[in-house]
Every structure is written in structure tokens, then in C-alpha cells.
Amino acid sequence: MRNSFTRFIAGRKHPAAEPDGDLIALLDHVQKACKAIARLAAQGALKKPATHNLGVKARGEEQMLLDVLANSAMISGGEESGQLCGMLSEIPEWRRCGRYLLVFDPLDGSSNIDVDMTVGTIFSILRAPEGVTEPGIGAFLQPGMQQVAAGYAIYGPATMLVMSLGAGADAFTLDPDSGSFILTHPNLRIRETAREFAVNASNRRFWELPVRRYFDECIEGAAGPRGVDFNMRWIGSLVAEVHRILIRGGVFLYPRDSKDPEKADRLRLIYEANPMAMLVEQAGGAASTGRQRILEIIPHELHQRIPVVLGARLEVERLVRYHEAYDRGEDIIFEAPLFHSRSLFRSM
Ligand code: F6P
């Protein structure tokens, strides 16, 4: 028999990750909201205003009407449910009453909407701190280690829901005929080695040296210290990059850059990096800023941004080593325009 998302969640009996009734109801709300967003996204140019830039910015990001509609889809239903204590979204909003906090990015990668490319919804569920009935900012400032569940929906050629309750990560595909998410990729695993990386290479000159070193070595491929050729992908949607890595491996970087000092880091800790870090770790990969494990960061503000390196464990560890060497002052990179980048130290 096909294992639907609803049956899978209800039947989850892992000692470390058995959802209670409230969490099951909350996850049911999330999956229904994701289906509604998938329907909205699929209307594309037929629902023209949805792809229109509203010309307003929320937290420095351009908003599309579809961003706002997706946000409403996540909120409506959630606000009446007794399970929620609060909600935090890229578009500011919260409610109160129950035991859990739901944080989400309703439409990640929204610059992809008007070109009909992959977008997604990222979510994370935290426990409301003991005794909190009306959550203030502090309630949401929990390290990613404390996430009870995390996941995303991806609106690509197929709509999929990928989720972890803290004991592995599983992926479900939306069956358009039955309208149910069906378990299609149980127990996702990320290979510890990788030959594919994803980064916005146009920012290269603004990166810190350890990141440039890693990137340049990948580009040098078989002719460089890594001794093998790499492939590169960049979709411009975190959900799509992480999904590719969960399915076929690789490493993703959105490192710190000096292009805009106001926005040195790109990705949001609480509702982008943390849920993705949980999924990746649960699939055997690693997630770091380059200097710290993402899930251990104690947030100091709701919309905090951090550098992100995630995916194949050995590649992430290599990047961490490069940062350590650089911070110790050991690794000096000479850049000569005619002779590429050359590091004093060979690849470790
Ligand atoms: O949330 C930010 C985001 O849209 C991510 O989904 C994506 O990885 C990144 O920004 C794309 O950045 P860039 O504009 O540099 O391609």
C-alpha cells in the first residue's frame, strides 16, 4: 500500500522522534498549505498579478504578490489551530495559543517566479518555551538543534515535501490524481564525497580567501590540487539546491561577501539555514558557516543572516579546515592574473 504523508506521520514511532497529536495536526496544516501554494504557483502567468513585483520590500527583499499569497496560505488555518503558540515568517506575523512555534519562508527563491523556475516553502517547528502563551521575540531565538521538525516543499516539475522529525529525512511526492503526498524517497542519504558544487560565482571577488581557495581548486579540477573535475550548478533557489543535494549529492555555498556591507551574509538563520541544516545532517551531511556548526548557533535576532556551507560531509569539513588555516594565518593565497590562484599550501 502507498504510504501517504498523513499515514507516515501518524505511524512514526521512533523513540527520539515520535510526534504527539498536536504536532501531527500542525504538520497536517503545513502539508495542506504547501498544496495550496503549489496550486497558486502552478497558475503562473495565468494569474498574472501573482508574478508581479509589488514594489515593496520586506526585510530588504523584493516582494511578489505570490510571496504574500503563500504567506497567507501558511498562516490561515494555522492561526485557528490550537497547536500553535506563535508563527514567524520572512513576512512578519505571529499568533498565539498552543505548544509549538512555526517559522517559515513562504516562498523561497521568489526571483524565480516570473521565469517559471523552481521555488519552495521552507518550514521549521520549535517547542514554545515552558510557560509562554504569548511569544515575544525571545521565544523564537532557539538554536536549530532544538527544532522538533523541519522541511520544505519544492514546486518543481513535481511538487515534493521533504521533512525530518529528527530521525532521518524522507521525501514525499504529490500525486496530482489523489492530491496526497506519497512517500517516494525514504531515508535520504547524502554521499560524503562530492564532485558538484553550487555557488553564485559572480560574487567570487567579494568572498573571503578560504572560500576563494576552495572554489578555485574546484575550478582547476583535474589540473589542480583536487585532481578531479567538478561540475557546477546554480538555480538561485535554496530549496532547489538543497533538494538536488539530498537526491544526488554535492555541496552548496552561500558564503559571506563584502559586496554590500549591510548584507554581508545572505541566508536567514531561523527559517532558511536551520531547517536545511537539520535535513542535511539527518541525511548524513554537514552544515556550517565555515567556522561554526549551523545548528549550534544561538540566534540573537529574528531575521539574522549567516554564511552557509552545506551538503557532502567531507567537502564541508574541507571548507572548515580552510577557514581554520586562514584564521590561524597559515594559509596565504597569492593571486597572479596570468597564473591563476596559487596557494602556498597544497590541498589537505
Ligand atoms: O532566500 C534567498 C535566496 O533566494 C535563496 O533561495 C537563494 O539561494 C539565493 O537567495 C539566491 O541568491 P542570488 O541572488 O545570489 O542568486
State whether the chain is rounded, prolate or oblate according to the following rule on the C-alpha gyration tensor (a ≥ b ≥ c being the square roots of its eigenvalues): a/c under 1.5 gives rounded; otherwise a/b larger than b/c gives prolate, and the remaining case gives oblate. prolate
Considering only DSSP beta bridges where both residues belong to the chain, give the percentage that are antiparallel (nearest 5). 85 percent
Whole-Hz Karplus ³J(HN,Hα) for the stretch 175-182, in order, using 6.51 cos²θ - 1.76 cosθ + 1.60 and θ = phi - 60°, x for Gly and Pro? 7, x, 6, 8, x, 10, 7, 10
If amide H atoms are modeled at 1.01 Å from N in the peptide plane, then the residues at a separation of 5 or more from Gly109, or on another chain, having amide H under 5 Å from its own are Leu238
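Relative contact order for the chain: what percent, with Cα pairs under 8 Å and sequence separation of 6 or more?
15 percent
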Long-range amide H contacts for Met64: which residues qualify at under 5 Å (H placed 1.01 Å from N, peptide plane, sequence gap of 5 or more or a different chain)? Leu54
In whole Hz, with x marking every Gly and Pro, tabulate ³J(HN,Hα) for the stretch 209-217 from phi via Karplus 6.51 cos²θ - 1.76 cosθ + 1.60, θ = phi - 60°. 4, x, 6, 4, 4, 4, 4, 4, 5
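Restricting to Cα pairs below 8 Å that are 6+ residues apart, what does the relative contact order work out to for the stretch 196-343? Please round to a whole percent.
25 percent
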In the stretch 196-343, with Lys and Arg counted as +1 and Asp and Glu as -1 at Cβ, which of these residues, Val211, Leu267, Pro299, has the Cα nearest the positive end of the dipole, that is, farthest along it? Leu267
Once phi is turned into ³J(HN,Hα) by the Karplus curve 6.51 cos²θ - 1.76 cosθ + 1.60 with θ = phi - 60°, what whole-Hz value does each residue of the stretch 298-305 show in order, with x for glycine and proline? 8, x, 10, 8, 4, 10, 3, 10
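Which order do Thr133, Thr121, Thr289 fall in if you start with the one that has the fewest other Cβ atoms within 10 Å? Mind showing how you got there, number by number?
Numbers: Thr133 10, Thr121 26, Thr289 22.
The fewest-first ordering by Cβ neighbours comes to Thr133, Thr289, Thr121.
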May I ask for the angle, rounded to the nearest 10°, between helix 313-327 and the longest principal axis of the chain, with both axes built from Cα atoms and the value confined to 0 to 90°? 60 degrees
Once amide H atoms are built 1.01 Å from N in the peptide plane, which residues 5 or more positions from Gly290, or in another chain, come under 5 Å H to H? Val309
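Readers should treat all values here as calculations from the given coordinates under stated rules, not as data from a laboratory. Predicted model, so just to flag it, every value in this text is computed and none were measured. Glycine gets a Cβ as well: all are built from the backbone with ideal geometry, and neighbour counts include every protein chain shown.
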